[in-house]
Amino acid sequence: MHFCIRDDDTSFFTSPEELERVYGVVSRWGPISLAVVPFHRAGTSKAVPDQFRGRWTVHPLHENRELVDYLRTGISAGRFEIMLHGYYHDEPDGRLEFASAAQLAQRITDGRTYLEDLLGTTIRVFVPPRNALGRRGLRALARAGLALGGTAGIRHGWPLLSRQTWSLWLRLRRWRESGGLGVPWVLDLGDHREIPGNAVTPAALLQYNEAVFESTLAMGGVFCVATHYWEQAAPSRHAGDPPVGEHLQRLIDRAVSNPQVMWRSVGEVVSDSAVVA
Ligand SMILES: [Zn+2]
């Protein structure tokens, strides 16, 4: 089985200490794929600190020199992969950047080049802010040759006239109807690939994620965690479940204790995995 960890929302507002607290030890066992916001707008995201939230000022990543140095070091050590997480992340009036804003292709090109140059790396994966994507956003990332961290689906941009769309749709429907857990594949839409995430958040159930992990392992599939460094101390919304950080740790323990699990970056798994639907 392929295992990977996607962590969203690293930006100007992130301190190296926050990332180090969560991933300092863990990233020595396997790479963490960070979805990074190039020019975070201080809107309503919970990742924006209280003193900035709602100011709508724009904060380029390079203005946090300490973080840039930390990321560059982590990338060269193979501890971090960088993915593109929107451009501004937050849009005024509750709009969703990659479901409604204009010039998405430009934002992808500019945001990607900026991060690649600043951090000295190559970006292969795009993660839409708030997991919200529209048809134009999906087309823009496919044209840029990027993979999608997450899944778009029919309602959010899979081309309606493509045979691949409907055969995939049918396969996933049959999988669910037969009691299949999670989506244990990388999805190939022809012009781009998608890698579904298994959320590790306060709303997620540990028992469910463990069941998905085991069923994916049994079939030699793909299991990608999707979480937030800023939420690791948050309690679960489910009575009896551990806080987010411990939930993540339990899944990591399963992954590292099993020699059948190959822990790779999201970019490697989505590009190279043979387990494709
Ligand atoms: Zn985000």
**Asked** Any idea how many residues of the range 2-30 are away from the ligand (no atom under 16 Å from the Cβ) and either over 18 Å from the mean Cα position of the chain (by Cα) or open to solvent by 20 Å² or more (accessible area, probe 1.4 Å) (or both)?
**Response** 10
**Complete:** Counted residues in the range 167-181 being over 12 Å from GLY153 (Cα atoms), open to solvent by less than 60 Å² (accessible area, probe 1.4 Å) and touching a residue at least 12 places away in the same chain (Cβ under 8 Å) come to 2
**Message:** Could you list, ordered by first residue, the pairs with Cβ atoms under 8 Å in which the first is in the range 105-119 and closer than 14 Å to LEU61 by Cβ and the second is of a type in the set (Gly, Ala, Ser), at least 6 apart or interchain?
**Reply:** GLY111/GLY86; ARG112/ALA144
**Asked** If the Cβ limit is 8 Å and pairs must be 6+ apart or interchain, which residue in the range 246-272 that is closer than 18 Å to SER215 by Cα pairs with which residue that is open to solvent by 80 Å² or more (accessible area, probe 1.4 Å)?
**Response** ILE252/TRP29; VAL256/TRP29; TRP263/TRP29
**Item:** Single residue of ARG139, ARG130 found to be open to solvent by 40 Å² or more (accessible area, probe 1.4 Å) and more than 13 Å from the ligand (Cβ to nearest atom)
**Value:** ARG139
**Prompt:** If only one of VAL269, VAL225 is assigned to a helix (DSSP H, G or I) and of a type in the set (Val, Ile, Thr), which one is it?
**Reply:** VAL269
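Yes or no, residue by residue, for (1) within 20 Å of the chain's Cα centre (by Cα); (2) open to solvent by less than 50 Å² (accessible area, probe 1.4 Å); (3) at pLDDT 95 or above; (4) not charged (D, E, K, R):
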| position | (1), (2), (3), (4) |
| --- | --- |
| ARG41 | yes, yes, yes, no |
| THR57 | no, no, yes, yes |
| ASN64 | no, yes, yes, yes |
| ARG72 | yes, no, yes, no |
| LEU84 | yes, yes, yes, yes |
| ASP90 | yes, yes, yes, no |
| GLU97 | yes, yes, no, no |
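The values are calculated or read from the model by the stated rules, or taken from the named source; none is laboratory data. Everything numeric here is computed off the predicted structure, so don't read it as measured data. Here Cβ is always computed from backbone atoms with ideal geometry, including for glycine, and neighbour counts include all displayed protein chains. With ligands, DNA and RNA removed, areas are computed over all heavy atoms of the protein, side chains included. Shrake-Rupley method; radii C 1.70, N 1.55, O 1.52, S 1.80 Å.
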